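Coordinate-derived values only; no laboratory data. All values reported here derive from a predicted model rather than from experimental measurement. When we count neighbours, we look across all protein chains shown, and the Cβ atoms used for this are built from the backbone with ideal geometry, even at glycine.
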Amino acid sequence: MKLYFKQRFFSWLDSYDIYDESGEVAFTVDGQLAWTKTLHVLDKNGTHVGTLKREIFTFLPEFCIYKNDELKGRISKEFSLFTPRYNIDFNGWHIEGDFFEWDYSISDGADKTVAVVSKELFNFTDTYVIDVTDSADALDALMFTLAIDAEKASRRN
């Protein structure tokens with residue numbers, strides 16, 4: 001299953017539309033004006049299914065992932081000089097990717113590929129393709145990708 005993650009061009013807050021392979025909206029992501037970066041994930045019916053929230057008092061960026069208002073994990077940036085490194089406490093997953101962090105794969109603890117994420121270049125907004133092996137992992141893979149993208153954006157700001 002492929003998801004196409006596209007940031008909205010005209011938006012004051014971070015907001016995204018996530019499309020499935022047929023071009024239909026599978027999820028929407030809406031940013032919230034708050035003290036911390038907070039993103040709400042809605043399914044295609046408009047039902048709130050997840051939240052990504054940045055922790056305030058941390059030296060390096062840290063994001064909490066909630067599904068149906070229950071904390072499911074954390075992703076935090078680790079100090080590193082050349083290659084970005086993350087401390088991941090989410091589904092036992094880990095990532096491996098390239099130097100620019102545009103293309104990476106998400107694997108579970110048994111080294112099974114959960115998803116492959118690639119950034120499409122030459123677009124006006126951030127655009128990613130998330131190729132999920134099992135459609136049951138689609139929301140989790142999306143939340144994971146949002147956390148990595150939000151961390152990269154926090155470094156640019």
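For this structure, a couple of remarks:
- Among Leu42, Leu81, a tally of other beta-carbon atoms within 10 Å of each Cβ gives an order, fewest to most, of Leu81, Leu42.
- Approximate spin-label separation Val129-Tyr4, in nm, with each point projected 7 Å along Cα-to-Cβ: 1.0 nm
- Additional length obtainable on full extension of the chain from Arg74 to Gln32, 0.36 nm per residue less Cα span: 13.2 nm
- With neighbours defined as other Cβ atoms within 10 Å of a residue's Cβ, the residues Met143, Met1 order from fewest to most as Met1, Met143.
- Qualifying GluC sites (Glu not before Pro) in region 38-147, DSSP loop, other Cβ atoms within 10 Å at most 15: Glu55, Glu120
- Sites His48 and Asp108, calculated FRET efficiency, Cβ-Cβ separation with R0 41 Å, nearest 0.05: 0.95
- Amide proton proximity set for Lys37, modelled H, under 5 Å, gap of 5+: Arg54
- Look at the dipole of region 2-156 built from charges on Cβ: of Tyr16, Pro61, Met143, the Cα furthest out on the positive end belongs to Pro61.
- Difference of contour (0.36 nm per residue) and Cα-Cα distance, Lys67 to Ser118: 16.0 nm
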